[in-house]
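Written out below as structure tokens is the structure these notes cover.
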Amino acid sequence: MAVAVALTVLVSTGVWNPFPDLWTWINTSGPVADPMPRWQERLGGTPQTVTLTDDYVVVEHRDSVEALNRFTGRRNFSTEADWSAVAGPADKPVIVAGKLLVKGYQVLDPRSGAVVWRDGEASAVWTYRDEIVDVACRTPRDCEVSGRAPATGNKTWSTGLPGMGFVLFADNPELLGTRPIESDRIADRHEPGTRPELLAFPIDGKVYVVDPRRSEARLDPALEPGRRDRVTVAGGRIVRSTATPRDGGCDVAVTALDAVSRQRVWHLPAGQHLRTFDGGGCDQRRLPAGTDSVLVGLTIDGREQLIEAGFGEQVLLCAAGEHILGVTGGLALVRSADGRRLSAVVPDGRNPAKPKALWHRKISPEASAALRGTVVVVSDRGPNRVIALNPEDGKVRKEVKSDAEVLAADDKGLLLGQRRDLGYLPFD
């Protein structure tokens, strides 16, 4: 018994290791792809988010944030943070970081971790390519939402809000806009996008719409959606979906209003909706999928379609069983009904049922695909592969054997992750 205890102590303290090869194997990872990445790093834990910029890889952990050199994988810095996000353009990004339930935030230089500027009052923060938006409250009923330049913190606009519907648990709390289309084994995009034309804040059962382009940014009166309503903003419009229970189903009416006059601009035909339902009943718990310019919807016979958000024009009508996997302003990824073909098409309001196809590609029914930056990413199965394609012609930019998750991608390369391991694969 004493011998066993002694052996245990020696092994656990590292004084003596009778199994060096075993411990080396446990602490060593295999490559996340074949051919091997340019670099591969084992992180201190499984990342929560990974953001790719021109020169840096920003990794958010549960209690810290770190920035790596994009080209070497070398760590630039690491610092404690309960939440973090990237703002600014890809060539001049900043890291916004803060503490749980503590007002304010710091803006960090990803090259060194140095504090560029800080705020001590904000209760919520949203990060965009062109702006940082935050809300600070003097009293529970007297708040101000402001836009700031990411590099300097200088205010570019501000307006009042009668309260705050958020507590600073993390960055980018949900506003009433659109949600991205999700993809298996391809992480949501965390690179900052352009700030939407309108921002919609849910506060105490009302929706306050803000248009930062106007001298009086807050657009009164506030909207008061009913229990069966879903109010969102897209394309500079207020989109209202009302569901009325009838004969065991739901009658849905989708209407888009001018944000200033509140006059109706467009509406969907009866029976069409934006897939805002989640589960049974007529409760609309989900935001519509799409972008700030196009919305994914369903026709009365269940076919997927794209609706231009500004004027309600149908710009893409899928065949029965087809699915929209990704969309930008001028391109959509569509999967065939049998799941074995991926197509890139150009949405066109003149002939939405027969859009121009840029290319087609065979995929397995278990494959997933997404638009990430300016590349199409495919995570295929049978065999396991990750493929990056040009969106314009479908030509392969990179193809590797891998069952890792795609954490980020842009026009220069992609990041793969497998638990704590992170690998970078450039396209050149």
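Pairs linking a residue in the stretch 350-367 that is free of Cβ contacts under 8 Å to residues at least 60 places away in the same chain and surrounded by 14 or more Cβ atoms within 10 Å (Cβ to Cβ) to a residue that is part of a loop (DSSP other than H, G, I, E, B) and of a type in the set (A, V, I, L, M, F, W, C), with Cβ atoms under 8 Å and 6 or more positions apart or on different chains, are 358/331.
Residues in the stretch 271-280: is at least one on the phi < 0 side of the Ramachandran plot and assigned to a strand (DSSP E or B)? Yes, because at least one residue in the stretch 271-280 is on the phi < 0 side of the Ramachandran plot and assigned to a strand (DSSP E or B). The one condition from (1) free of Cβ contacts under 8 Å to residues at least 12 places away in the same chain; (2) under 23 Å from the mean Cα position of the chain (by Cα) that residue 184 does not meet is (1). Pairs meeting the criteria (first residue in the stretch 239-251 and of a type in the set (A, V, I, L, M), second residue part of a strand (DSSP E or B), beta carbons under 6 Å, at least 6 apart or on different chains) are 239/232; 239/256; 243/250; 243/252.
Looking only at residues of the stretch 262-271 that are in contact (Cβ under 8 Å) with a residue 12 or more places away in the chain and in contact with a strand residue (DSSP E or B) (Cβ under 6 Å, 6 or more places away or on another chain), we find that the one that is surrounded by the most Cβ atoms within 10 Å (Cβ to Cβ) is 268.
Of all residue pairs spaced 6 or more apart or on separate chains, those with beta-carbon atoms under 7 Å, a first member in the stretch 193-219 that is part of a loop (DSSP other than H, G, I, E, B) and a second member that is basic (Lys, Arg) are 193/129; 194/129. On the given criteria, is residue 153 within 22 Å of residue 196 (Cβ to Cβ) and small (Gly, Ala, Ser)? It is true that residue 153 is within 22 Å of residue 196 (Cβ to Cβ) and small (Gly, Ala, Ser).
Please specify each residue of the stretch 321-351 satisfying the condition of being assigned to a loop (DSSP other than H, G, I, E, B) and under 13 Å from residue 296 (Cβ atoms). The answer is 322, 328, 347. A search for C-beta distances below 7 Å between a residue of the stretch 58-77 that is over 9 Å from residue 110 (Cα atoms) and of a type in the set (Asp, Glu) and any residue that is modelled with pLDDT of 95 or more and not in a loop (DSSP other than H, G, I, E, B), counting only pairs 6+ apart in sequence or on different chains, returns 60/49; 60/84; 63/80.
Just the residues that are free of Cβ contacts under 8 Å to residues at least 24 places away in the same chain and either buried (at least 20 other Cβ atoms within 10 Å of the Cβ) or assigned to a strand (DSSP E or B) (or both), please, taken from the stretch 368-381.
Looking only at the stretch 368-381, we keep the residues that are free of Cβ contacts under 8 Å to residues at least 24 places away in the same chain, and these are 380-381.
Matches in the stretch 368-381: 380 only.
Residues in the stretch 272-286 that are closer than 20 Å to residue 233 by Cα and either of a type in the set (Phe, Trp, Tyr) or surrounded by fewer than 20 Cβ atoms within 10 Å (Cβ to Cβ) (or both): 272, 275, 277, 278, 283, 285, 286.
So, residue 347, is that one more than 25 Å from the chain's Cα centre (by Cα) and surrounded by 19 or more Cβ atoms within 10 Å (Cβ to Cβ) or not?
Numbers: more than 25 Å from the chain's Cα centre (by Cα): no; surrounded by 19 or more Cβ atoms within 10 Å (Cβ to Cβ): yes.
So residue 347 does not fit the description; no.
This table checks each residue for (1) hydroxyl-bearing (Ser, Thr, Tyr); (2) in contact with a His (Cβ under 7 Å, 6 or more places away or on another chain); (3) farther than 21 Å from residue 321 by Cα.
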{"position": "216", "(1), (2), (3)": "no, no, yes"}
{"position": "259", "(1), (2), (3)": "no, no, yes"}
{"position": "275", "(1), (2), (3)": "no, no, no"}
{"position": "291", "(1), (2), (3)": "yes, no, yes"}
{"position": "294", "(1), (2), (3)": "no, no, no"}
{"position": "302", "(1), (2), (3)": "no, no, no"}
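Entry remark, the stretch 94-130: residues being free of Cβ contacts under 8 Å to residues at least 60 places away in the same chain and either in a loop (DSSP other than H, G, I, E, B) or out of contact with any strand residue (DSSP E or B) (no Cβ under 6 Å at 6 or more places or on another chain) (or both) number 10 in total. Out of all the residues in the stretch 154-176, is one or more among the basic types (Lys, Arg), in a strand (DSSP E or B) and out of contact with any strand residue (DSSP E or B) (no Cβ under 8 Å at 6 or more places or on another chain)? The answer is no; no qualifying residue exists. Candidates 204, 229: the one that is charged (D, E, K, R) and more than 26 Å from residue 144 (Cβ to Cβ) is 229.
Screening residue 241 on (1) part of a loop (DSSP other than H, G, I, E, B); (2) under 21 Å from residue 277 (Cα atoms) shows it passes everything except condition (1). Screening the candidates 88, 113 for the property of being under 18 Å from residue 50 (Cβ atoms), surrounded by 13 or more Cβ atoms within 10 Å (Cβ to Cβ) and over 22 Å from the mean Cα position of the chain (by Cα) yields one hit, 113. Residues that are buried (at least 16 other Cβ atoms within 10 Å of the Cβ) and either aliphatic (A, V, I, L, M) or in a loop (DSSP other than H, G, I, E, B) (or both) within the stretch 404-428 comprise 404, 406, 407, 408, 409, 410, 412, 414, 415, 416, 422, 425, listed in sequence order.
The values are calculated or read from the model by the stated rules, or taken from the named source; none is laboratory data. The structure displayed is predicted, hence computed values, not measured ones. Methodologically, a virtual Cβ is constructed for each residue, glycine included, from the backbone with ideal geometry; neighbour enumeration extends over all protein chains shown.
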